[in-house]
1. Provide a single number: the residues in the range 72-100 that are polar (S, T, N, Q), part of a strand (DSSP E or B) and more than 15 Å from Glu126 (Cβ to Cβ).
2. All but one of (1) part of a strand (DSSP E or B); (2) in contact (Cβ under 8 Å) with a residue 12 or more places away in the chain; (3) not aliphatic (A, V, I, L, M) hold for Arg195, so report the exception by its number.
3. Taking the range 19-63 only, how many residues are open to solvent by 70 Å² or more (accessible area, probe 1.4 Å) and either over 22 Å from Asp121 (Cα atoms) or touching a residue at least 60 places away in the same chain (Cβ under 8 Å) (or both)?
4. Which of the residues spanning the range 120-167 are basic (Lys, Arg) and not in a helix (DSSP H, G or I)?
5. In the range 90-114, which residues are out of contact with any helix residue (DSSP H, G or I) (no Cβ under 6 Å at 6 or more places or on another chain), at pLDDT 95 or above and either of a type outside the set (D, E, K, R) or buried (at least 16 other Cβ atoms within 10 Å of the Cβ) (or both)?
6. Scan the range 14-62 residue by residue and report those that are touching a Pro at 6+ places or on another chain (Cβ under 8 Å) and not aliphatic (A, V, I, L, M).
Amino acid sequence: MTDAPGHRLSSSDVFELDESRAEEAVDLLVLAFEEDPAYRYFCSAERPGYLRRLRIVHRCMWTLMRSSGQPLWGIASGQRLAGLAMIQEPGSRLPVRPQLRWLLSVALSAGPRVPWRILGDMRIAERARPAEPHFYLLILAAHPDFQGTGCGRVLLETLQARSAGDPRSRGVCLETENPRNVPFYEHIGFRVVARNRYADLEITTLFRPDG
C-alpha cells in the first residue's frame with residue numbers, strides 16, 4: 001500500500017480503531033463534515049467558533065462510542081486514516097450513563113443548543129428505521145484527500161458482509177441529511193424507506209437488506 005490518494009482501497013485495509021487513532025479520527029471527522037448541512041445546523045455554522053463546536057461534537061461522539069463498546073472501523077492507506085465508520089450492533093442501545101456524559105460534555109463545551117438540536121434530529125430519525133433487526137451506521141466519513149478511492153464503498157460492503165453473517169441482523173440502515181449522498185447509497189443497493197423534515201433538513205432513511 002501507498003499513501004497516494006489514487007490507491008484503490010479494499011476490505012483488507014479495514015481495521016478496528018482504538019484510542020491511539022482518536023485525534024486522527026476526530027480531525028478526519030471535522031474535515032469530512034465541515035460543509036455537511038446537518039452539522040452546520042447542529043453547530044450553528046453562522047456563528048463564530050463553528051469549527052471548535054464541530055470538533056467538540058465529534059470528540060464527544062468518539063468517546064461515547066468507545067465507552068459503549070460499539071464497533072469503530074477505520075480504513076487506511078499506508079499509515080494514513082482514509083475513512084471511518086461508527087456502527088451500532090443489532091438490538092443494542094447505547095448505555096444511559098455514557099449518553100448522559102455525552103450530553104453534559106457537549107452542552108458545557110459547545111452550548112446547550114448543540115445537543116438539543118442533535119437529539120431532535122435523532123428522535124425523528126430513530127422512528128423511521130425499519131422494524132427488522134439491523135446494523136445501524138451512525139457515521140460514515142472519508143478524508144477529503146481520499147475521496148474517490150472507494151473507502152466509503154469498502155466500509156459499507158464490509159459492514160453488509162458482517163450483517164449477512166450475523167444471525168441477529170437482516171441488513172444495514174443509515175440516514176443522511178445531505179441529498180447529494182442519496183444517489184451514492186442507492187447505487188450500491190440501499191433503498192429509501194422514509195423521508196422526514198427536521199428544521200430545514202430533510203432526513204433520508206435508507207436500508208439495504210441482506211441477500
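1. Count: 1.
2. Status for Arg195: all satisfied but (2).
3. Within the range 19-63, residues that are open to solvent by 70 Å² or more (accessible area, probe 1.4 Å) and either over 22 Å from Asp121 (Cα atoms) or touching a residue at least 60 places away in the same chain (Cβ under 8 Å) (or both) number 5.
4. Correct list: Arg129 only.
5. Within the range 90-114, Pro90, Leu104, Leu108, Gly111, Pro112 meet the criteria.
6. Glu16
The values are calculated or read from the model by the stated rules, or taken from the named source; none is laboratory data. Source: prediction; values computed, not measured. Glycine gets a Cβ as well: all are built from the backbone with ideal geometry, and neighbour counts include every protein chain shown. For accessibility, only protein heavy atoms count, side chains too; no ligands or nucleic acids. Shrake-Rupley method; radii C 1.70, N 1.55, O 1.52, S 1.80 Å.
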